[in-house]
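Here's the structure, in structure tokens; my notes come after.
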Amino acid sequence: EVVVEAEGLARRTYAVPVPARRMGQLEVLYDDVLLYTALPDGGDPTAGAAAETDAEAEEAGALIRVDLASGRSTTLMEGVVEVAVSADAGTMCVLLDEGGERVLRAFEAGAKPPDEDEDEGEIDPDRPGDLSGLVDLDGRVVLEVDLRREWAQMFHEAWAATEAKVHPSVLEGVDMAAIREAYSPLLGRVNCLHELLDLLGEMQAELGASHAGAAPAEEEGGDGDGMQGFLGAETEWDAGAGGWRLTRCLRGLPWDERFAPPLARAGAPAEGDVLTA
């Protein structure tokens with residue numbers, strides 16, 4: 001159990017001995033050792049501080065070890081896209097960009113990968129093992145998918161999500177279970193994902209509500225334009241005002257439009273205002 005004494009905390013903080021730069025991930029090891037990724041200059045200075053864009057999340061940098069006791073920094077490796085440390089802080093798993101190819105390697109946490117083997121021979125980076133750290137993913141995990149069972153699961157989960165998230169006013173007079181039972185026999189005639197989406201779309205139409213439908217998951221590398229937008233606010237119905245009163249608005253990062261909710265921007269409605277349309 002870790003107990004943090006809040007009293008006087010500000011007087012017990014000190015600067016980490018690293019230069020100002022664009023940073024990505026931060027990992028903490030035992031014995032006053034930190035690991036962090038240093039990103040190339042010239043990018044977005046907020047990339048390491050908040051939820052990054054897809055491009056920034058894939059940006060490669062250097063993995064650096066910092067010994068707090070001595071203040072010494074050591075570059076362990078270059079081309080690091082992501083790093084994760086095991087729960088016992090003994091092993092680090094590193095996703096590397098090696099000539100445009102993503103490679104997964106595992107090493108002792110905080111240690112610099114060896115350049116030579118015990119016989120001072122050159123290490124083959126393409127041979128899986130402790131020396132190269134290469135994790136051979138081919139054939140290690142085999143996932144068998146029964147598409148019809150998967151589509152059936154998607155069918156029921158999508159309808160459950162619809163019932164959970166749709167506005168209560170839409171559900172008045174609608175028997176969600178009856179709609180599900182009426183359409184579920186058609187699952188046996190579904191032969192592809194698009195047909196499943198068509199089936200779900202017909203079920204959504206039974207609600208008689210706008211902005212309701214089913215769409216495929218965003219493909220890797222997509223621009224995210226198909227994602228649903230949210231106001232980032234909590235509301236309650238105000239019958240006297242005839243609209244939804246804003247009771248709480250999320251702030252996000254108002255200085256960055258990518259991470260700022262619509263209501264955090266200048267001139268937008270504030271807490272206490274009423275939305276009528």
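Measuring nothing but alpha carbons in the stretch 151-217 and taking Rh as the Kirkwood radius, the Rg to Rh ratio lands at 0.94. In whole percents, the pair-distance distribution calculated for the chain from its alpha-carbon pairs, binned every 10 Å from zero, is 5, 17, 20, 22, 20, 12, 3, 0, 0.
Kindly state, to the nearest 0.05, the FRET efficiency for Asp126 paired with Cys93, given R0 = 25 Å and r defined as their beta-carbon distance. The pair Asp126/Cys93 has a calculated efficiency of 0.85. Applying 0.36 nm per residue to the separation of Ala69 and Ala205 and subtracting their alpha-carbon distance, the gain on full extension is 42.6 nm. As a calculated quantity, the FRET efficiency between Ser86 and Glu5 at R0 = 30 Å, using C-beta atoms, amounts to about 0.60.
In the context of the full set of protein chains, the chain has a per residue accessible area of 69 Å² (1.4 Å probe).
Atom-type composition of the exposed protein surface of the chain places 50 percent of the accessible area on carbon and sulfur (1.4 angstrom probe).
How large is the convex hull of the C-alpha atoms of the stretch 118-277 per residue, in Å³?
210 Å³
The values are calculated or read from the model by the stated rules, or taken from the named source; none is laboratory data. Keep in mind that what you see is a predicted model, and the values were worked out from it rather than measured. Counting neighbours? That spans all protein chains shown, and the Cβs are built from the backbone with ideal geometry, glycine included. Each accessible area value is taken on the protein alone, full model and side chains, heavy atoms only, with ligands, DNA and RNA left out. Shrake-Rupley method; radii C 1.70, N 1.55, O 1.52, S 1.80 Å.
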